[in-house]
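K.L.:
Submitted below is the structure of interest, expressed as structure tokens.
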Amino acid sequence: MNLPPDILKELTAHALEDYPSECCGFILQSQPGSLRALRMKNTQDEYHRRFPDEFTRTSRTAYWMDPAELLQLHKTLRQQQERILAIYHSHPEGSAEFSEEDCRQALWDGEPVFPDVVYLVMSVTKKIISGSVLYRWNTNQKAFLPCADL
């Protein structure tokens, strides 16, 4: 998947603005070649404060998309006839690997929640994007595997 420069610029800006917290969002497609980035609010710290036993991590090492924003996204997808092409997030001071936690969040009962969606993980080191990797679900290996470096 080739991302246009304006989308990459938007994702980079989001990751750097949210640093040292993880950023998160979607890349949406309305028709072939028509992409847009949609930033989502990382509510991990709010949930960590309210439910520390269930949300043990902070936004420095995890993200939790705002449920109200997710509901609005699904309404928007129907209204504007868009689809989710990719889910993106950053790893501040971490690698661009699809972590065990990323995998846990992306699966339901051992299968991907969004089977046709790619995941973009951006590594942010000292406020610089140091790597970006796309991951796709491999049905044979039952794992998210790298499919491209950006």
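The values are calculated or read from the model by the stated rules, or taken from the named source; none is laboratory data. Please read all numbers here as calculations on a predicted model, not as lab measurements. FYI the Cβ positions are ideal-geometry reconstructions off the backbone, even for glycines, and counts take in every protein chain you see.
K.L.:
Could you please find all residues in the stretch 21-35 being in contact with a strand residue (DSSP E or B) (Cβ under 6 Å, 6 or more places away or on another chain) and without any contact (Cβ under 8 Å) to a residue 60 or more places away in the chain?
P.N.:
Scanning the stretch 21-35 gives 28, 29, 35.
K.L.:
I want to confirm something. Restricting to the stretch 39-70 and keeping residues that are in a loop (DSSP other than H, G, I, E, B) and among the acidic types (Asp, Glu), which single residue is surrounded by the fewest Cβ atoms within 10 Å (Cβ to Cβ)? Reasoning before the result, please.
P.N.:
In the first step, residues of the stretch 39-70 are kept if they are in a loop (DSSP other than H, G, I, E, B); the result is 41, 43, 51-64, 66.
With among the acidic types (Asp, Glu) added as a condition, the list becomes 53-54, 66.
On the way: 53: 5, 54: 8, 66: 16.
Ranking the candidates gives 53 first.
K.L.:
Of all residues in the stretch 100-150, which are modelled with pLDDT under 95, over 18 Å from residue 27 (Cβ atoms) and touching a strand residue (DSSP E or B) at 6+ places or on another chain (Cβ under 7 Å)?
P.N.:
Listed by number, the list is empty, since nothing qualifies.
K.L.:
Pick out, from the stretch 77-144, the strands (runs of 3 or more DSSP E) lying fully within it that include 2 or more residues that are among the polar types (S, T, N, Q). Show your work before the answer.
P.N.:
Details: elements: 83-92, 118-125, 128-138.
Result: 118-125, 128-138.
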